[in-house]
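Notes to accompany the following structure.
None of the figures in this text is laboratory data; all of them are computed from the coordinates on show. Remember, predicted model here, so these are calculated numbers, not experimental data. Positions of Cβ are backbone-derived with ideal geometry, glycine not excepted, and every protein chain shown enters the neighbour counts.
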Amino acid sequence: MILEAKTETELKRIGAILAASFKGGEVVQLIGDVGAGKTTFTKGLALGLSVKGDVQSPSFTISRVYDARDGLQLAHYDFYRLQDPGILTAELQEVVHDPTTITVIEWADIVEGVLPDTHVSISFTAPSETTRTITLPDSYKELFA
């Protein structure tokens with residue numbers, strides 16, 4: 001399923017709609033070039049999960065964890081700068097199996113072996129400076145009908 005967002009607000013809205021369906025335990029892999037909208041989309045997920053405060057890119061810190069609705073947490077990882085996952089592999093293995101955590105991972109190639117088979121992959125492209133194309137699994141089609 002392919003969606004188009006012409007503004008950051010639209011991209012966040014798509015993330016918020018998706019997150020409203022999350023119950024906990026979801027693992028989401030975000031795929032796209034630098035500037036394709038992955039972190040902006042994650043801000044939308046945070047809105048849909050009722051995260052309070054500003055959601056920031058974890059590019060330099062590698063991970064950030066936020067409290068969300070109903071006792072859930074949003075764990076946001078960005079492995080763009082990571083050369084060797086090392087100890088993070090063990091941490092990530094625990095987090096992706098935690099039923100109270102929604103895990104979002106940017107640049108997951110380096111830890112792909114840790115991702116559960118049930119993870120969701122969402123792809124982003126930037127056909128123009130402001131437009132983003134988001135490819136979601138067809139299983140989410142009814143959310144956007």
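Partners of Lys141 within straight-line reach, counting aspartates and glutamates whose Cα lies under 19 Å from its Cα and excluding those fewer than 8 residues away in the same chain: Glu4, Glu10, Glu26.
Calculated mean residue ellipticity, 222 nm, the chain: -6500 deg cm²/dmol, from DSSP H runs (n ≥ 4) at -39500 (n - 2.57) each, averaged per residue and rounded to 500. For Glu4, the shell of other residues with beta-carbons less than 10 Å away shows a net charge of +1, using +1 for Lys and Arg and -1 for Asp and Glu.
Which one of Ala126, Pro137, Ala108 is farthest out on the positive end of the charge dipole of segment 2-144, using unit charges on Cβ (Lys, Arg +1; Asp, Glu -1) and the Cα centre as origin? Comparing the listed Cα positions along the dipole, Ala126 ranks first.
Maximal additional length on extending the Asp117-Ile2 stretch stands at 39.2 nm, based on 0.36 nm per residue less the C-alpha distance.
Relative contact order of the chain, taken over Cα pairs closer than 8 Å and 6 or more residues apart, is 35 percent. Amide H contacts under 5 Å for Ala68: Gln73, Leu74, restricted to partners 5 or more places along the chain or on a different chain, H placed in the peptide plane at 1.01 Å from N.
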